[in-house]
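Notes follow the structure.
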Amino acid sequence: MSVPAGQHTVRRHNLALVLGEVAGPEPLSRAGVAARTGLTRGTVSSLVEELIAAGLVTELAAARGGPGRPASPLRLDPRGPGGLGLEVGVDSVRACVVDLTGAVRVQRTVASDHRDDVPDAALARLAALATDVVAEAGLPIAGATVALPGVVGPNGVLERAPNLPRWVDVAVGDALSTRLRGLPVRAGNEADLAALAERWAGGPTDAIVVSGGIGVGAGILLDGGLFAGAGGRAGEIGHVVVEPDGLECHCGGRGCLETLASLEALARPDAVRAAGRALGIALTGAVHLLDVPAVVLGGGYPRCGAPLLGAVRAELAARVFSRAGIDVRFSTLGQDAALRGAATAMVQAVLADPGEVITARPLARPPDVAEGGAPRPATVRGAGP
Ligand SMILES: [Zn+2]
């Protein structure tokens, strides 16, 4: 059956509209969705049937007690397509599966130091871990996003990672996709994905989200979205110079924020005040340029506790000339933020355009064999040599 292009576009738009209402905080019936969207009940019912058939929505038993016919609330189907989040850290690989409702189904971390490693070995380890995690979650997977500790260009290529000197111009998404039997894999900067995770977890719409780890990066949230810069490379706050004659940095520069505020720098005695001061100086510049009212300190920073938070707050209070003051807080997601953001990015993509998932059926099944990994158990369909 062929459908005119205009009608097809309208239907796709309406699928997203209905799914967006179902995903909202308030449980709605078909009639409730019709009232909220302005679509007819007949149209809503037909769209809901399509979303149920695609495994995206489920209809619960009718609630009793009120006047008139009892209404059946709709909700996102937790058995529907989930998102696979992957992360290459400087000293670990991580994977998690988040279902459509945003619940974490499985999450694993494997220690694996990549500072002297070539990409291939780490990617094989990550693909094997991904395969295990997907098999354990038992959900169809809509796609994966991999969080990377470096500069990721708009084409998903990791251009450089100051703490991974042998990773230069690596097409990480493509390499993982090949190892995961063609599962679509996007790549993003870990600090950007951490910033989105903060936003999706109910955090501020306009903020600089700093991730402190072996490296230091930031994601910039403006108006609820990520500000990526002209080439997707915004937020490299770790290489903002705070001491022009300071220590040498892995990036080749000198006196970068990272030399004073990485977790390694923070492990030195009496380092918290210096780190807080350096963060305050770099963030003052960023806040003055971008006019954002909030700063979230994430990654490993929350573990540094009140002394670090107090030092950053004091620096910003003394230096920024905003009347309202800057809201400086610790992340509640901490070191899980980038991984959660990576997995949730796929779920958000499904919610934003369910028509894409429906058109692309059958969905990518859980990958059954990763290169270098063990064959998967028989519960996964399509296993073979
Ligand atoms: Zn640097």
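Of all residues in segment 125-154, those that are of a type in the set (D, E, K, R) have Cβ atoms under 8 Å from Cβ atoms of residues that are part of a loop (DSSP other than H, G, I, E, B), 6 or more apart or on another chain, in R125/S112; R125/G372; D132/G373. In segment 42-54, the residues that are in contact (Cβ under 8 Å) with a residue 60 or more places away in the chain reach residues that are of a type outside the set (K, R) and not in a helix (DSSP H, G or I) with C-beta atoms within less than 8 angstrom, at least six apart or across chains, in these pairs: L51/V57; A54/G80. Set side by side, the residues A61, A16, A35 differ, and just one is farther than 19 Å from V357 by Cβ and part of a helix (DSSP H, G or I), which is A35.
Only one entry in A228, A161, A197 is among the aliphatic types (A, V, I, L, M) and assigned by TED's automatic domain parsing to the domain that holds T145, namely A161.
If I ask for residues that are within 21 Å of A337 (Cα to Cα) and either not assigned by TED's automatic domain parsing to the domain that holds D91 or not charged (D, E, K, R) (or both), which ones from segment 178-189 would you list? The answer is V185, A187, G188, N189.
Residue by residue, here is whether (1) among the small types (G, A, S); (2) at pLDDT 95 or above; (3) farther than 23 Å from E159 by Cβ holds:
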{"site": "A195", "(1), (2), (3)": "yes, yes, no"}
{"site": "E198", "(1), (2), (3)": "no, yes, yes"}
{"site": "A207", "(1), (2), (3)": "yes, yes, yes"}
{"site": "I214", "(1), (2), (3)": "no, no, no"}
{"site": "G219", "(1), (2), (3)": "yes, yes, no"}
{"site": "A234", "(1), (2), (3)": "yes, no, no"}
{"site": "I237", "(1), (2), (3)": "no, yes, no"}
{"site": "V240", "(1), (2), (3)": "no, yes, no"}
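Of all residues in segment 338-374, those being more than 21 Å from V106 (Cα to Cα) and at pLDDT 50 or above number 10.
Residues in segment 211-267 that are away from the ligand (no atom under 11 Å from the Cβ) and at positive phi were compared, and the one that is surrounded by the fewest Cβ atoms within 10 Å (Cβ to Cβ) is D223. Against the definition (without any contact (Cβ under 8 Å) to a residue 40 or more places away in the chain and either assigned to a loop (DSSP other than H, G, I, E, B) or not assigned by TED's automatic domain parsing to the domain that holds V146 (or both)), how does V90 come out, yes or no? Judged against the criteria, V90 is not a match. Taking segment 6-31 as the range and being surrounded by 16 or more Cβ atoms within 10 Å (Cβ to Cβ) and without any contact (Cβ under 8 Å) to a residue 40 or more places away in the chain as the test, the residues that pass are N14, L17, V18, E21. Does T284 satisfy the criteria of being buried (at least 21 other Cβ atoms within 10 Å of the Cβ), at pLDDT 95 or above and polar (S, T, N, Q)? No. Looking at V328, V312, can you tell me which residue is over 20 Å from the mean Cα position of the chain (by Cα), of a type in the set (A, V, I, L, M) and not in a helix (DSSP H, G or I)? Matching residue, one of V328, V312: V328. Residues that are assigned to a loop (DSSP other than H, G, I, E, B), in contact with an Asp or Glu (Cβ under 6 Å, 6 or more places away or on another chain) and within 16 Å of the ligand (Cβ to nearest atom) within segment 126-175 comprise just one, P149.
Scanning segment 83-99 for residues that are touching a helix residue (DSSP H, G or I) at 6+ places or on another chain (Cβ under 9 Å) and modelled with pLDDT under 95 yields a total of 1.
The values are calculated or read from the model by the stated rules, or taken from the named source; none is laboratory data. Here the structure is a predicted model, which means the values were calculated and not measured. Cβ sites come from the backbone with ideal geometry, for glycine too, and all protein chains shown count toward neighbours.
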